[in-house]
Structure formats: structure tokens, C-alpha cells
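Before any comments, here is the structure.
The values are calculated or read from the model by the stated rules, or taken from the named source; none is laboratory data. Given the structure is predicted, the values throughout are model-derived calculations rather than measurements. Here the Cβ positions follow ideal geometry from the backbone for every residue, glycine too, while neighbour counts run over all protein chains shown.
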């Protein structure tokens with residue numbers, strides 16, 4: 001099966017559907033779900049313990065989006081607002097279940113062992129190693145670095161997500177990277 005890329009629809013097109021959904025049009029909201037479900041699923045996959053958890057988190061993300069739709073402002077793309085809800089959902093899940101965002105790598109899924117796929121390509125092995133190393137960081141550091149580097153979320157959005165100033169987010173990101181460097185050194189990685 002060919003790999004599919006996550007192409008975000010034009011913001012103006014989302015705006016039409018969001019406005020209709022805000023007026024109570026469920027078909028318009030269903031279209032928004034259809035457009036963004038794969039992006040949200042890919043994002044929450046890093047937090048999920050198994051397929052059922054993932055499906056629950058994706059569904060709850062869209063339920064929360066529906067309930068909060070009246071508060072969305074068109075100053076930023078709809079998908080960014082939706083990703084923020086998903087990030088909150090993932091972090092709540094991890095806190096509630098005392099998990100790390102990468103704990104799923106150490107568990108067996110109902111259908112297969114997620115670790116067995118990590119060895120297939122060098123990129124997958126590298127991702128598995130990165131996730132293992134990140135699992136040694138405190139939860140806030142993991143979440144911050146995950147959103148910043150794996151989800152490529154802008155620092156300003158991350159700061160808003162956590163209720164931090166942009167400067168505080170930069171400082172926390174710097175310190176998280178420093179802690180990660182220490183972990184890398186402890187696990188025998190050369191940083192030169």
C-alpha cells in the first residue's frame with residue numbers, strides 16, 4: 001500500500017465548514033472530521049496504549065471540538081486549534097494512566113508487537129531509539145519535545161497550550177534538550 005501524506009485542506013475551505021458547523025450543521029462537522037481525522041489519529045498514536053485507546057482519544061478529541069466549536073476564532077487555521085485539543089487529550093490520557101507518551105512501544109498490542117516493526121528500516125530503528133530515550137525524561141519535557149520536534153508545532157503554540165510565555169517555553173525547551181543530552185551520554189551516544 002503506498003504511503004499517504006497528510007495534506008491540510010485550504011483554511012478558507014475549513015472556514016466555510018466551521019461556520020456551518022457552528023450554526024449546528026452536523027454534515028459540515030462530519031466533513032471537518034473526515035478531513036482531519038488522519039492527522040489527529042497520527043498525532044495521538046504517540047500517546048495511545050493500543051488501538052482501542054487511540055480510537056477513544058480520537059473520538060473524544062472531536063467530541064470536545066464539537067462542544068467548543070463556538071470558541072474557535074479564525075485567526076489561526078482550524079487544524080491547529082484541533083491539534084491543540086488532541087495534544088491536551090493525549091497528555092490527559094498519559095497522566096490518567098500514569099504512562100509516558102511512548103509507553104506503547106514496550107507493550108504488546110492485541111494484534112502484533114509494535115517493537116517488531118522498528119527493525120525494518122534504519123529510520124524506524126532511529127525513531128524507536130529516540131522514543132526510548134525520550135521515555136527517560138519527565139512528562140512535561142517529553143510532551144514539550146514531542147510537540148516541538150515530532151509534531152513540529154510552533155513554539156508559540158506550545159507556549160499557549162501550556163499557558164507559558166514564549167520565553168518560558170524557550171527556556172524549558174533548552175533545559176529539556178540539556179536533560180536529553182545527559183541521557184544520551186549515559187546511554188553511550190557520542191555528542192561530538
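In region 162-178, is there at least one residue being in contact (Cβ under 8 Å) with a residue 40 or more places away in the chain, surrounded by 12 or more Cβ atoms within 10 Å (Cβ to Cβ) and over 13 Å from residue 91 (Cβ atoms)?
no
Within region 59-75, is even one residue modelled with pLDDT under 85, more than 24 Å from residue 180 (Cβ to Cβ) and surrounded by 12 or more Cβ atoms within 10 Å (Cβ to Cβ)? So far as region 59-75 goes, yes, one or more of its residues are modelled with pLDDT under 85, more than 24 Å from residue 180 (Cβ to Cβ) and surrounded by 12 or more Cβ atoms within 10 Å (Cβ to Cβ). From the list 80, 45, 17, the lone residue that is at pLDDT 90 or above and in contact with a helix residue (DSSP H, G or I) (Cβ under 8 Å, 6 or more places away or on another chain) is 17.
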